Each structure stands twice: as structure tokens, then as C-alpha cells.
Amino acid sequence: MNIVAIYGAEHQGSTYHIAQAFLKKLFSAADNITEFYLPKDMPHFCRGCGLCFTKNEELCPHYQEVNTIKEAMEKADFLLLASPVYVYHVTGQMKTLLDHFGYQWIVHRPNKTMFAKKALVISTAAGAGMKSTNKDITDSLNFWGVGKIFTYGKVVNAINWQGVSESKKLKIEKDVGKIAARILNSFCRTTPSLKVKIIFYASRLMHKKLKINPPDVEYWEKQGWLGNVRPWKHD
Ligand SMILES: Cc1cc2nc3c(=O)[nH]c(=O)nc-3n(C[C@H](O)[C@H](O)[C@H](O)COP(=O)(O)O)c2cc1C
């Protein structure tokens, strides 16, 4: 199995350690895990040129870095995105990465490989803010069309992994075991969630009737999605 893990920070703190615990429970040495650390692997802010939306994502000034991550994600069966909570949200560098993938939201030009993928979103906070932080990421994953998304948010009462109490680490280990079992059970199913399908059909209607952004309409037509083809159905 191919896995992509994207960390919203470069240091190996609580979020990273929990992500590693999940990866160990879920996968073996036979699996292929590609890891990206932010901002190292995508150090640029979106410039707002809008070329990805109005023309082609290959014209993005940061295409090289974005494309490396895009190609790895395309090959992956499972995505893991993990971020510490910074002022109730993802780290700036994680947000920056998600901004660069705005063009592949279902309303624009979704990548059809996403519909069969599973994803896990992880955040940790000293006290609070995991719900809004996980939502920052799940908003994008849902709008990318990711088939099934799991989340785990944990208050660690600490600023780094060394500061996390042993009892809390034990609880985390138990949680990881339980959620990992649910994730493993889901591997046989590949149909996307109802939410993803609703976004897809609403976008389809928009492209059919309103034809707002020509590159998007052209893309949808080319995929056959304005006809009978669906990205989650394979012959
Ligand atoms: C800039 C910054 C902002 C933070 N904002 C919050 C916050 O809004 N709520 C909270 O409970 N903890 C906050 N924290 C604490 C971290 O979320 C918490 O310590 C987290 O577990 C760190 O994960 P890490 O060890 O993976 O870096 C913040 C930390 C930093 C550095």
C-alpha cells in the first residue's frame, strides 16, 4: 500500500509522535510511506495570481513543489495529514499547502484518484482547538473528494512530547488502537461519503447549467462527468 503523510510542522512533537503511532499500527515494512514536512517541502505562500483556477495549475509559480506532493498523493491509497493547533487552527504552513490545492476542489477540477482514498487527520493542542483545526483539513479533503476521512484530536496538556504525561500517552495508545481498527475495517470499501457525492452533484449541476469557469467546464466534460461517468465507478 502507498501512504502519504504530511506534517504541518518540521519538529517531531506530540502531533508527529501520534502520527507515527498510527502509521505503525496501520502499516508494515512492506508498505511504502512518503513523508512531507512543512514548510520544508512547500515553503511558498500562495501569491493569489489565480492562474490555477482560471488557466492551468501547471502555471502556478510553485508548481514544482506542489506537483511533487500532488504526484505522491495520486499514487497513495491512504493520506495522513497532521497539524498541531496554532491559535485554534492548522499551522500557517499547512494552510499554505491547502491553499495551493484549491484548484482541485470538486467545484473546480477534482483529481479523480481522490474518490477512492482514505484519510486520517490528526491534531493536538495544549488545551483546546482540535475541532476547528481538524475541520481546516477535513474541509479540503471533503472538497478534494476523499472517499472516507477519519479524525483524531487530542488535548495533550503540553507544549512538546516530552511534557506529555505517561497516563496520557497510555490513553493515546489505546485511542490509536481503536481508531486504527476502524480504519483497517474500512479498507475494503471504496465508495465516497454522501457528503462528497452531494458536493459532486451540486458542482455538476453548476457546470452543466451556469458554465462559469471555462477550464473547469472543459475538464468536467473531458472526464465524462457531465454525462454518465462518475469518478468513483470503475469498469
Ligand atoms: C503558535 C502556537 C499557537 C498555539 N495555539 C494553541 C491553541 O490555540 N490552543 C491550544 O490548546 N494550544 C495551542 N498551542 C499549543 C500546541 O497546540 C500544543 O502544545 C500542541 O500539542 C503542540 O504540538 P507539537 O508538539 O506537535 O508541536 C499553540 C502553540 C503554538 C506554538
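The values are calculated or read from the model by the stated rules, or taken from the named source; none is laboratory data. Bear in mind the structure is a predicted one, so any value in this text is a computation, not a measurement. Please note: Cβ atoms are built from the backbone with ideal geometry, for glycine as well, and neighbour counts cover all protein chains shown. Only protein heavy atoms, including side chains, enter the accessible area calculation; ligands, DNA and RNA are left aside. Shrake-Rupley method; radii C 1.70, N 1.55, O 1.52, S 1.80 Å.
The table for this structure:
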| read-out | value |
| --- | --- |
| For residue 138, solvent-accessible area (1.4 Å; no DNA, RNA or ligand), Å² | 20 |
| Segment residue 221-residue 158, extension gain: residue separation times 0.36 nm, minus the distance between their alpha carbons | 17.6 nm |
| Carbon/sulfur fraction of accessible area - the range 1-58, other protein chains in place, 1.4 Å, % | 51 |
| P(r) tail fraction, the range 107-235 - alpha-carbon pairs more than 25 Å apart, % | 41 |
| Å² of accessible area per residue within the chain, as computed with a 1.4 Å probe and no ligands counted | 50 |
| Apportionment of accessible area to carbon and sulfur, the range 103-180, percent (1.4 Å) | 57 |
| Net charge dipole size for the range 38-144 [Lys, Arg +1 and Asp, Glu -1 on Cβ; Debye, nearest 20] | 180 |
| 18 Å Cα-Cα threshold exceeded, pairs from 24/75; 135/195; 118/168 | 24/75; 118/168 |
| In nm, spacing of pseudo-spin labels at residue 185 and residue 128 (7 Å Cα→C-beta vector) | 3.2 |
| Simple label model, 7 Å out from Cα along Cβ direction - residue 232 to residue 168, nm | 3.7 |
| Cα-centred dipole magnitude for the range 29-70, charges only on beta-carbon of K, R (+1) and D, E (-1), debye, nearest 20 | 240 |
| Computed magnitude of the charge dipole of the chain (debye, nearest 20; Cβ of K, R +1, Cβ of D, E -1) | 960 |
| Label-point separation in nm, residue 206 to residue 74, each point 7 Å along Cα→Cβ | 2.4 |
| For the chain: Kirkwood Rh in Å [reciprocal of mean 1/r, alpha carbons] | 18.5 |
| The range 1-97, Cα convex hull volume normalised per residue, Å³ | 106 |
| Sorted peptide list for 58-71, 143-156, 161-174, criterion being average Cβ within 10 angstrom, highest first | 143-156, 58-71, 161-174 |
